[in-house]
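Asker: First the structure, then my questions, so here it is.
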């Protein structure tokens, strides 16, 4: 008979490492206290030089109180050398692709967990087409952003092809970033002059 | 008389480190060769465990050939501990804020350069409000994405308050990520089962 390990909780029911029980409990709790569902996500950006900036992510608001990530995350962004920049970080539009990829992928894992499907591997390749005549101001009929984005998933799981497609479809349906990209979001910009 | 340094090119006209001359030359060149303006930005995401994923950014396409960043950029994303996750990276929605912050900030620097305005400091604090009743599927009338985003700039520059506000306004007008967030973008998702 195997010794009981008391240091780590056994997690026999989790196939993909997602604590779906906790999420389902949170759903019930938030139904009763909808104010706790109001979150604020934050980022603080400092210009460095040229097109290079550094953005930090640490605190956010949710469950009616201030929250913090375990660590502060720091992200350098820049333009590439072919734009006569230093290439000291990913481009801003690539950060959007990172957000979309990670949001859909977390969703695939959570939905698979909820449906009892064991994932072996999930890979997504994203491609965003952009005509830079927009951002360069050459042609005002060309939009600044992506013409469109393609996400190609390759998933290995204990499931039929149709079940795997359904995982991704459900993830799209509940994805925050998929919503942000495919639908308009209002952005308010305020400007203050810093005191010298 | 000071010795001439031959190792580094002098850049006497650049106030903020943005090579605006090169960008203006590129604009002229791309007017004559619009096909070169068609870019493809890419990201490759691999699910790790739970809601944790890792996305890499390296290659892209533009100027009619394959391009590469000088280095490969790697981004971990996860959900926070209050969502019963491991908090091993920023959340996907925070990556969108990073993209928006860095895009607008690079634009402020480029526009200031073009207008002969010396920037001393540029800081932006972003806040995205989100009611997570959407992503949790509690209320289908609540959207999954941000209710709205506020960007608060604090800028110290050799310019009047109105000139500083105009910098930010022009950056918004030409920003790729501002466009992606405020307008709808089509996302096509394809799913293939990996061979075991």
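The values are calculated or read from the model by the stated rules, or taken from the named source; none is laboratory data. On a predicted model such as this, the values are computed, not experimentally measured, just so you know. We place every Cβ from the backbone using ideal geometry, glycine too, and count neighbours over all the protein chains shown.
Asker: Can residue B:129 be described as at the interface with chain A (Cβ under 7 Å from one of its Cβ atoms), free of Cβ contacts under 8 Å to residues at least 40 places away in the same chain and buried (at least 21 other Cβ atoms within 10 Å of the Cβ)?
Answerer: So residue B:129 does not fit the description; no.
Asker: Considering (1) crowded, with 18+ Cβ neighbours inside 10 Å; (2) more than 7 Å from chain B (Cβ to nearest Cβ), say which one residue A:13 fails and leave the rest.
Answerer: Single failed check for residue A:13: (1).
Asker: Another question about this same structure. I'd like the residue in the range A:50-88 that is more than 7 Å from chain B (Cβ to nearest Cβ) and in a loop (DSSP other than H, G, I, E, B) and, out of all such residues, is farthest from residue B:176 (Cα to Cα).
Answerer: A:64
Asker: Go through B:152, B:120 for me and flag whichever is out of contact with any helix residue (DSSP H, G or I) (no Cβ under 9 Å at 6 or more places or on another chain), touching a residue at least 12 places away in the same chain (Cβ under 8 Å) and within 7 Å of chain A (Cβ to nearest Cβ).
Answerer: After applying the criteria, what remains is B:152.
Asker: Next question, about the same structure. Based on what the data block shows, is residue B:145 buried (at least 19 other Cβ atoms within 10 Å of the Cβ), in contact with a helix residue (DSSP H, G or I) (Cβ under 6 Å, 6 or more places away or on another chain) and either at the interface with chain A (Cβ under 7 Å from one of its Cβ atoms) or at negative phi (or both)? Spell out the reasoning first.
Answerer: Numbers: buried (at least 19 other Cβ atoms within 10 Å of the Cβ): yes; in contact with a helix residue (DSSP H, G or I) (Cβ under 6 Å, 6 or more places away or on another chain): yes; either at the interface with chain A (Cβ under 7 Å from one of its Cβ atoms) or at negative phi (or both): yes.
Spelling it out, residue B:145 is indeed buried (at least 19 other Cβ atoms within 10 Å of the Cβ), in contact with a helix residue (DSSP H, G or I) (Cβ under 6 Å, 6 or more places away or on another chain) and either at the interface with chain A (Cβ under 7 Å from one of its Cβ atoms) or at negative phi (or both).
Asker: Taking the range A:20-47, which residues are within 30 Å of residue B:15 (Cα to Cα), over 20 Å from the mean Cα position of the chain (by Cα) and in contact (Cβ under 8 Å) with a residue 12 or more places away in the chain?
Answerer: Hits for the range A:20-47: nothing passes.
Asker: Scan the range B:155-185 for residues that are in contact with a helix residue (DSSP H, G or I) (Cβ under 7 Å, 6 or more places away or on another chain) and closer than 20 Å to residue A:96 by Cα and jot them down. Before you say what the answer is, go through the steps one by one.
Answerer: Taking the range B:155-185 and keeping what is in contact with a helix residue (DSSP H, G or I) (Cβ under 7 Å, 6 or more places away or on another chain), we get B:155, B:157, B:167-168, B:170-172, B:174-178, B:180-181, B:184-185.
Listed by number, the residues that qualify are B:171, B:172, B:174, B:175, B:176, B:177, B:178, B:180, B:181, B:184, B:185.
Asker: Taking the criterion of being within 8 Å of chain B (Cβ to nearest Cβ), surrounded by 18 or more Cβ atoms within 10 Å (Cβ to Cβ) and modelled with pLDDT of 95 or more, would at least one residue in the range A:27-38 satisfy it?
Answerer: Yes.
Asker: Follow-up question, since we're still on this one. Conditions: (1) crowded, with 21+ Cβ neighbours inside 10 Å; (2) more than 7 Å from chain B (Cβ to nearest Cβ). Residue A:159 meets all but one. Number of the miss?
Answerer: Of (1) crowded, with 21+ Cβ neighbours inside 10 Å; (2) more than 7 Å from chain B (Cβ to nearest Cβ), only one is false for residue A:159: (1).
Asker: Any residue at all in the range B:95-109 that is buried (at least 17 other Cβ atoms within 10 Å of the Cβ), more than 20 Å from residue A:96 (Cα to Cα) and under 16 Å from the mean Cα position of the chain (by Cα)?
Answerer: yes
Asker: Assess whether residue B:88 counts as being at negative phi and crowded, with 24+ Cβ neighbours inside 10 Å.
Answerer: When the stated conditions are applied, residue B:88 does not pass them.
Asker: May I ask you to list the residues in the range A:83-103 that are more than 28 Å from residue B:49 (Cβ to Cβ), without any contact (Cβ under 8 Å) to a residue 12 or more places away in the chain and touching a strand residue (DSSP E or B) at 6+ places or on another chain (Cβ under 6 Å)?
Answerer: Once the filter is applied, which keeps residues that are more than 28 Å from residue B:49 (Cβ to Cβ), without any contact (Cβ under 8 Å) to a residue 12 or more places away in the chain and touching a strand residue (DSSP E or B) at 6+ places or on another chain (Cβ under 6 Å), the range A:83-103 yields only A:87.
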